[in-house]
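The values are calculated or read from the model by the stated rules, or taken from the named source; none is laboratory data. All of these numbers come straight from a predicted model, not from anything done at the bench. Cβ atoms come from the backbone with ideal geometry, glycine included; neighbour counts cover every protein chain shown.
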Amino acid sequence: MASLWLPFFLVLIAPPPMRPSSLPWQDTTEGKATIAGQILSALERAAFFLEERLPEINLDGMVGARVLEEHLRSVQEEWAQDTLLQPLGMRVGTLAAKLEALIQQSLFYLRQSDPEYLREFQPTLQPGFWKLPHAWSLTNASLVYPTFEAQDSFSEESSDTCLVQLLGTGTHSSQPCEPSDACASLMTKPGCSGYCLSHQLLFFLWARMKGCTKGPFRQSQHHIRVFCANMMDLNRRAEAIGYVYPTRDIFMENIMFCGMGGFSDFYKLRWLEAILSWQKKQKGCFGEPDAEDEESSKAIQYQRHLLRRVKRREKQFTDGCSSHNTATAVAALGGFLYILAEYPPASRQQHPSTLPPPRR
């Protein structure tokens, strides 16, 4: 699956202090509806972008749409039972139906542009593949690695090979849930950061979704806890350096994957606010920000340099829109909607900046 290189200086920055969000707290149904409405508006704009660029959107971009669609279906069911949230629930249902149609239409273009990649990863576009969490926990800071490996050790090709082995979609009639020893070693190697770390988590999330329980998968939950503790640490470091553009995609991917892993502390209101602010409102996409100052320009040039170094299927449009950025953004935003739907409104004296685990 597509990946970028995370700037190594990210791991050298101390995490920032917590700060309040300007978004309203959702301790009432009305407050929940306000936040949900903002998220839905962003997602509807993103859906129009996907529709307009559908022939050019790669498979990873459509995977983000599928993850979002799974979240929306669950939210729709939950809100159908609440009179005040039913209008939003109707919008959710309309958007989910639109995404389903786009995913099916995209298969025609993907068969033309990258048939082998589609064959290997098509299961991830199927309805029901992505399983949503129904139990929640918080990350454990004591599991954060004391040091990180250099990101240059990560190979997207090796990661894809291991994911294909897990899915059992290789050309040599391989069986699901039977990775090689080399893949088991790669996907449990400590000290990874950036996309190496998120692909390790993805490997074990897919194993859970496929029902894999043998070999390295006997300790799946332990590995997921370790990976998400470190992804939380990296997200806080990304926040500390102002979410510079090269960190935004992995920042959102971490929320997408660890949210699906059941870690509710990735759903911080201030992080939601940041993601919403990155959308190109007119186009509906997420991607390269406008270079308004010298530092932004330097960050963008650095990102382009890294993209030249890495073989990837990322689709970067000339107007700055990114297929992968948009995919991670909509999937992460879908997770925020999902936890809002699961979280019961309740009055409280303090307004924390993280949504606590919902009752389930």
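Is the stretch 73-95 home to any residue that is surrounded by 14 or more Cβ atoms within 10 Å (Cβ to Cβ) and either in contact with a His (Cβ under 8 Å, 6 or more places away or on another chain) or under 21 Å from residue 321 (Cβ atoms) (or both)?
Yes, there is a match, as at least one residue in the stretch 73-95 is surrounded by 14 or more Cβ atoms within 10 Å (Cβ to Cβ) and either in contact with a His (Cβ under 8 Å, 6 or more places away or on another chain) or under 21 Å from residue 321 (Cβ atoms) (or both).
Would you mind stating whether residue 178 is assigned to a loop (DSSP other than H, G, I, E, B) and either touching a helix residue (DSSP H, G or I) at 6+ places or on another chain (Cβ under 7 Å) or more than 18 Å from residue 129 (Cβ to Cβ) (or both)?
On the way: assigned to a loop (DSSP other than H, G, I, E, B): yes; either touching a helix residue (DSSP H, G or I) at 6+ places or on another chain (Cβ under 7 Å) or more than 18 Å from residue 129 (Cβ to Cβ) (or both): yes.
So residue 178 passes the test.
Only one of (1) modelled with pLDDT under 95; (2) over 22 Å from residue 259 (Cα atoms); (3) not basic (Lys, Arg) fails for residue 16. Which number is that?
Among (1) modelled with pLDDT under 95; (2) over 22 Å from residue 259 (Cα atoms); (3) not basic (Lys, Arg), the lone unmet condition for residue 16 is (2).
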